[in-house]
Amino acid sequence: MKNETRANLIKQGAIWAFILVELAFFSIAGEFLSVTETAFMDFDNMLLLLKQSAPIGIIALGMTIIMINGNIDLSVGATFALAAIVLLDSMTWPFMQTLGNWAIPLAWLFALATGVVLGAISGLIVWKTGVDAFIVTLGSMLGYRGLVFMYNGEQPTSHLNWTLVDFAEAQFLGLHTATWFLLGAAILLWLLMTRTVHGRNAYAIGNNRDAAVNAGIRVGPHFLWNFMLIGFLAALSAVVFYSESGSVNPNDGMLYELWAITAVVLGGTKLSGGYGSIISTLGGVIAIQLLRKGLGHIGADTETVNLVIGLILIAVLFLDRQLNRKGKEELRT
Amino acid sequence: MKISTKFALVCSTAMLGTAAFGEAHSSYTIGITQNNVGVDSYQTTYEQAFIAAAEENDAVEVVVLDAGGDVARQIAQMEDLIQQEVDAIIIWPTNGEAVIPAVRKASQADIPVIVTNSNIAEQGFDFVASFSGPDNITQGARSAEIMCDRFKAQGIEGEAQIVQISGQPGYTTAIERAKGFEDRLPEVCPDVTLVETQPGDWNREKSQQVMEAFLVKYDDIDGVYAGDDNMGVGALNAAKAAGRAGDITFVGATNFAVGYEAMAAGEYWGSIYQSPVDDAEAALQTAIDVLDGKDVPFLNYFDTPKITQDNMDEFTKPVF
């Protein structure tokens, strides 16, 4: 038992150790390679890092729960885009324009409801048909993206509201609005996963679905709730991000599902389910954004960033496997 | 002894000071965030040309970033460049409206922003130092001149009938090219009639269908103006299939490799040559001029010359 907790600590600490290595590397490399004078470890830069982690981060938090269940949700990027369209377009509806600034919270509500509904559709199909979530959400990813394109063709949907932008750009106690949402969501979900029955059930289902069913956990509704939750979070991510940018391209959010999954896996959550942690996912998200930022800081191009993240992902999975194997060997002796 | 040490210290400090001062002012740091390098060869060539131009110029250092088509990433890159306190930022917008708040942030930080290739929406103009890119109105007007000159050479400028295939509705580029063409044509060839305009959505297959419909509808078509060569070649294919390509003058805007090849084959008459190298060099030069405090026009266009079968040897084949 003691061994296990220690192994857990090492696993959960790994991502944070990795972040420290990244910070050290980019600080030192930045001294030589960066053309700018400002240091990478600048406090403002670190605040920006958190803020920039928010769009994918908020989605990745939800993805952690889905993956602890042993499921996956590929439709989050499309949900993100559709919620963004609802957010921005609803503000141009005639009755909304008569409301003045009260239209803003209402538009948020519409967008978040869109996310919940889209998540519920995926969740219901998974529940009622028993088809694997990978296939179901692959379908809904294509379907929702189709809806995005049907809405406004190839053209961006735009509505720039400076009140909204000012709110999104605001800094409260030094942290940006987006950061507050990211950290708030992380704390709430961490509490959900560690302090509630729903959280314990999520791990139980991921570990062994049959056993969970036999133990009386209603797996179908449980999945439905989680898909609604991730739909909500994808929409929340859109709300936070598009409040600040005011225009959505029809292909926005593409590949976000994969970035979110990457962050979750980097954070040590098992693809097969049953194991994972919200806080470690937060680490994974920060690690990815640090890489993007850092490689940009030392002058590497985007392709390099993707290559490096890909390599690190494989390395992490390999290390994880080795660590697990070692753990088992130790137990046997 | 003591005094001389002090004096030496003062001297060296002063020298250090001037050295730092000199360094800070002899060199500009310019950051660029591009739309999506690698998605097409225009953007790839643009990036290479930009880096090459920066390397040749000792007075600038550049931070070259690429948003990969992702608005969120581009906004993050803008924030990073602001945070790094670069002297100027060049942006190729992934979305002409979504980046406006980020551009405002840069302008609030007193960093001049130069928009390259395609402009941001009007609400953001207040926060932009200059736009460097092609002038689509002139491109359209020049296409009209190419068309008219060709009709004059054929002696049909008094009765020629033409059709237009425009770009995607709503796109500024499409609207401006059509406007430039439609305004200029009656000035140079008042008796040429534009019988119909239909959008081809920048798409070759769509344009081919549009042209097929035109060919059925009109027995006499002397010229086709397309918003870019991709669409022009689509129209050419339709005319070839109907056996009527020989009677028709095809003129595009933005010369693509397919258009260049069709020109070399003698099937396609002319277009407008827009070089990504010129585009990139113009953007960098605009940024430097802004930093030097020169008077830079808000819309700082680079030249996009006419290209026809007659003068195509002067141009290399486009890479895209």
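The values are calculated or read from the model by the stated rules, or taken from the named source; none is laboratory data. Bear in mind that the values here come from a model prediction, so they are computed numbers and not experimental data. FYI the Cβ positions are ideal-geometry reconstructions off the backbone, even for glycines, and counts take in every protein chain you see.
One table, with the values for the structure above:
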item	result
Hey, B:Arg142 in a helix (DSSP H, G or I), touching a residue at least 40 places away in the same chain (Cβ under 8 Å) and either away from every other protein chain (no Cβ under 13 Å) or surrounded by fewer than 24 Cβ atoms within 10 Å (Cβ to Cβ) (or both) or not	yes
Condition check for B:Phe151: among the aromatic types (Phe, Trp, Tyr), more than 20 Å from B:Tyr273 (Cβ to Cβ), assigned by TED's automatic domain parsing to the domain that holds B:Ala257 and not in a strand (DSSP E or B)	yes
Qualifying residue in the stretch B:98-109 (condition: surrounded by fewer than 24 Cβ atoms within 10 Å (Cβ to Cβ) and part of a loop (DSSP other than H, G, I, E, B))	yes
Residue that is farthest from A:Gly70 (Cα to Cα), among those in the stretch A:183-203 that are buried (at least 21 other Cβ atoms within 10 Å of the Cβ) and at pLDDT below 95	A:Met193
Identity of the residue in the stretch B:67-122, over 22 Å from A:Ala300 (Cα atoms) and polar (S, T, N, Q), that ends up farthest from the other protein chains (Cβ to nearest Cβ)	B:Asn117
Leading residue by the ranking (nearest to the chain's Cα centre (by Cα)) among those in the stretch B:247-257 that are modelled with pLDDT of 90 or more and of a type outside the set (Ser, Thr, Tyr)	B:Gly252
Of all residues making up the stretch B:53-63, the number that are crowded, with 20+ Cβ neighbours inside 10 Å and at the interface with chain A (Cβ under 7 Å from one of its Cβ atoms)	1
Residues being within 14 Å of chain B (Cβ to nearest Cβ) and surrounded by 14 or more Cβ atoms within 10 Å (Cβ to Cβ) - total across the stretch A:156-180	15
Residue in the stretch A:92-112 that is touching a residue at least 40 places away in the same chain (Cβ under 8 Å), within 14 Å of another protein chain (Cβ to nearest Cβ), under 18 Å from A:Gly253 (Cβ atoms) and part of a helix (DSSP H, G or I) present	no
Residues of the stretch A:291-305 satisfying the condition of being part of a helix (DSSP H, G or I) and within 12 Å of another protein chain (Cβ to nearest Cβ)	A:Arg292, A:Lys293, A:Gly294, A:Leu295, A:Gly296, A:His297, A:Thr302, A:Glu303, A:Thr304, A:Val305
Among the residues listed as B:Gly167, B:Gly200, the single one being in contact (Cβ under 8 Å) with a residue 60 or more places away in the chain, crowded, with 19+ Cβ neighbours inside 10 Å and within 14 Å of another protein chain (Cβ to nearest Cβ)	B:Gly167
Test: residue in the stretch A:268-276 that is surrounded by 13 or more Cβ atoms within 10 Å (Cβ to Cβ), assigned to a loop (DSSP other than H, G, I, E, B), modelled with pLDDT of 75 or more and within 14 Å of chain B (Cβ to nearest Cβ)	no
Count of residues meeting criterion [polar (S, T, N, Q) and more than 11 Å from chain B (Cβ to nearest Cβ)] in the stretch A:26-72	4
Flag if B:Gln209 is outside any strand (DSSP E or B) and surrounded by fewer than 21 Cβ atoms within 10 Å (Cβ to Cβ)	yes
All positions within the stretch A:59-78 that are in a helix (DSSP H, G or I) and of a type in the set (Gly, Ala, Ser)	A:Ala60, A:Gly62, A:Gly77, A:Ala78
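Let's see how each residue does on (1) more than 14 Å from every other protein chain (Cβ to nearest Cβ); (2) of a type in the set (D, E, K, R); (3) assigned to a helix (DSSP H, G or I):
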position	(1), (2), (3)
A:Val213	yes, no, yes
A:Ile217	yes, no, no
A:Gly220	yes, no, yes
A:Leu224	yes, no, yes
A:Phe227	yes, no, yes
A:Gly231	yes, no, yes
A:Ala235	yes, no, yes
A:Phe241	no, no, yes
